[in-house]
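What follows is a single structure, written as structure tokens, with notes after it.
The values are calculated or read from the model by the stated rules, or taken from the named source; none is laboratory data. These numbers were taken from a predicted model, which means no experiment stands behind them. Every residue, glycine among them, receives a Cβ derived from its backbone with ideal geometry; neighbour counts consider all protein chains shown. Side chains are part of the model used for accessible areas, which takes the heavy atoms of the whole protein and leaves out ligands, DNA and RNA. Shrake-Rupley method; radii C 1.70, N 1.55, O 1.52, S 1.80 Å.
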Amino acid sequence: MSGLEKIVDRISKESADKVGAMLGEAKQKAETIKADNEKKTREECERIEKKAESQASNIADRCKASAELKSKQILLSGKQEVLNETIDLARQKLASLSDDEYTDFFVKLFKKHAPKQNAVLKLGEKDLGRFSDAVIAKLTEAAKAAGSELTVSKEAANIKNGFILDYGGVEENCTFDALLDQNIDDLLDKIKTILFA
């Protein structure tokens, strides 16, 4: 082997060693990069999974809250329907009282609203025909007990039931519908207590 061949052989060997070292270093860097990428991929997957679980949990919570709200709205609507039906039944009950029951109820109602000052009592056509002189006397007596004089109008008012008190142009509407409407909140509270307590 000549000197040139030895030099070429030595350069070849050194080159092979350097290439081998560089390849080893490159392999190691590739393994490190691969390991880092796998770690980052796992972390990203875990982050995405946690985010998805959180979003799913939020969606489930919103759905549950929405369902609970809808359920409460349905229940409230049902309760309101029952309350309205109860008020309607009360109106029907008042409308279907017998003459004696109606008269007794009317007199009690009048006593409760007996005028404190002189007034004209206006009745509906049906009541003008059904009230005897004795009933009118009871109403007049109740007004006197309250400190006023009562005049019963001979002209029928445009009402179905109850009465109107006229204090010289100012009228107090005491028809059953008006009294129910005026006291609807109190009535609804009492009905709620009875039905839903």
| query | Do you know which residues across the stretch 116-131 are assigned to a helix (DSSP H, G or I) and either open to solvent by 10 Å² or more (accessible area, probe 1.4 Å) or in contact with a strand residue (DSSP E or B) (Cβ under 7 Å, 6 or more places away or on another chain) (or both)? | reply | E125, K126, L128, G129, R130
| query | What is the one condition in (1) over 30 Å from K192 (Cβ atoms); (2) of a type in the set (G, A, S); (3) loosely packed, with under 10 Cβ neighbours inside 10 Å that A26 does not satisfy? | reply | (3)
| said: Take L165 and tell me if it is among the hydrophobic types (A, V, I, L, M, F, W, C), touching a helix residue (DSSP H, G or I) at 6+ places or on another chain (Cβ under 7 Å) and within 14 Å of F110 (Cβ to Cβ). | reply: no
| remark: Considering the stretch 143-167, residues that are more than 10 Å from K122 (Cα to Cα), in a loop (DSSP other than H, G, I, E, B) and free of Cβ contacts under 8 Å to residues at least 40 places away in the same chain, and then whichever is least open to solvent (accessible area, probe 1.4 Å), we arrive at S148
| task | State whether the residues of the stretch 178-195 include one that is open to solvent by 60 Å² or more (accessible area, probe 1.4 Å), touching a residue at least 60 places away in the same chain (Cβ under 8 Å) and within 30 Å of S77 (Cα to Cα). | result | yes
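Mind checking which residues of the stretch 98-115 are assigned to a loop (DSSP other than H, G, I, E, B) and free of Cβ contacts under 8 Å to residues at least 12 places away in the same chain? Don't jump to the end; show me each part of the working.
Step one: list which residues in the stretch 98-115 are assigned to a loop (DSSP other than H, G, I, E, B), which gives 98, 113-115.
Residue satisfying the conditions is S98 alone.
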| Answer residue from the stretch 151-160, given it is at pLDDT 90 or above and of a type outside the set (S, T, Y) and is farthest from the chain's Cα centre (by Cα) among those | K154
